[in-house]
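The values are calculated or read from the model by the stated rules, or taken from the named source; none is laboratory data. All of these numbers come straight from a predicted model, not from anything done at the bench. Every residue, glycine as well, gets a Cβ built from its backbone with ideal geometry; the counts of neighbours run over all protein chains shown. Note: areas computed on protein heavy atoms with side chains; ligands, DNA, RNA excluded. Shrake-Rupley method; radii C 1.70, N 1.55, O 1.52, S 1.80 Å.
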Amino acid sequence: MGTAKFQRFFRVAAGLHVDRNDLKRYTDFIDDKIYDVILIGKASAKANLRDVIEPWDLPITKGLQESIDRFEKLDEEIELQPLLDQLAAQPPLDVALSERSEQRLPLIAGGLSVALARTFVTVQPDRKNPGTAEWNVTLDIFHQLL
């Protein structure tokens, strides 16, 4: 992912200033959470005796859907979608993603990105440049909830 677009996204999404060192944490976060979403989608598909994950199998909460909607509005300005397409590449599993599910992954990655940026502000409202401590707390919140 391009560092400049990554920095601009966080600035526009939540007024945060991130640096290139944060990019690795961010990409690891997106990789982990997309994998988790697919893993739960796989369980849902298997429980319904299917080998294909459909969009309704993916665990999209109301809050995540709202973040996806915010991302779509922000993306018109930032054009982050092509970069998220690369980040949301699917991990190998013993089930397939339907075409519609596969197309949703970059939007889910975008929604997770918006939620992540906004969570930094919730955790530390006065901090404009999240440090290691803020990253750790924020990522821990996501790992517990998603």
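If you scan region 51-75, which residues turn out to be within 14 Å of SER98 (Cα to Cα), touching a residue at least 40 places away in the same chain (Cβ under 8 Å) and open to solvent by 30 Å² or more (accessible area, probe 1.4 Å)?
Correct list: ASP51, VAL52, GLU54, PRO55.
Any residue in region 10-21 that is under 19 Å from ALA109 (Cα atoms) sitting within a Cβ distance under 7 Å of a residue that is exposed (fewer than 12 other Cβ atoms within 10 Å of the Cβ) and acidic (Asp, Glu)? List the pairs, counting only those 6 or more apart or interchain.
Short answer, once both residue conditions are applied: VAL12/GLU77.
Identify all residues within region 12-28 that are under 14 Å from VAL114 (Cα atoms) and outside any loop (DSSP other than H, G, I, E, B); write none if there are none.
Within region 12-28, VAL12, ALA13, ALA14, TYR26, THR27 meet the criteria.
Every residue in region 37-50 that is open to solvent by 70 Å² or more (accessible area, probe 1.4 Å), part of a helix (DSSP H, G or I) and among the polar types (S, T, N, Q), please.
Hits for region 37-50: nothing passes.
Going through region 43-71 one residue at a time, which ones are on the phi < 0 side of the Ramachandran plot and more than 18 Å from the chain's Cα centre (by Cα)?
ALA43, SER44, ALA45, LYS46, ALA47, ASN48, ARG50, ASP51, VAL52, ILE53, GLU54
Which count do you get for residues in region 103-142 that are assigned to a helix (DSSP H, G or I) and either over 15 Å from the mean Cα position of the chain (by Cα) or free of Cβ contacts under 8 Å to residues at least 60 places away in the same chain (or both)?
19
Please work out which one of (1) under 20 Å from HIS143 (Cβ atoms); (2) at pLDDT below 95; (3) open to solvent by 20 Å² or more (accessible area, probe 1.4 Å) is the condition ASP94 fails and give its number.
(1)
Considering each residue of region 119-135, count those that are crowded, with 16+ Cβ neighbours inside 10 Å and of a type in the set (Ser, Thr, Tyr), and give that number.
1
Check whether at least one residue in region 23-36 is in contact with a Phe, Trp or Tyr (Cβ under 8 Å, 6 or more places away or on another chain), among the aliphatic types (A, V, I, L, M), under 23 Å from ARG127 (Cβ atoms) and surrounded by 15 or more Cβ atoms within 10 Å (Cβ to Cβ), and report yes or no.
The answer is yes; a qualifying residue exists.
When the residues of region 62-91 are filtered to those that are touching a Gly at 6+ places or on another chain (Cβ under 9 Å) and of a type in the set (Asp, Glu), which remaining residue is modelled with the lowest pLDDT?
The qualifying residue modelled with the lowest pLDDT is ASP75.
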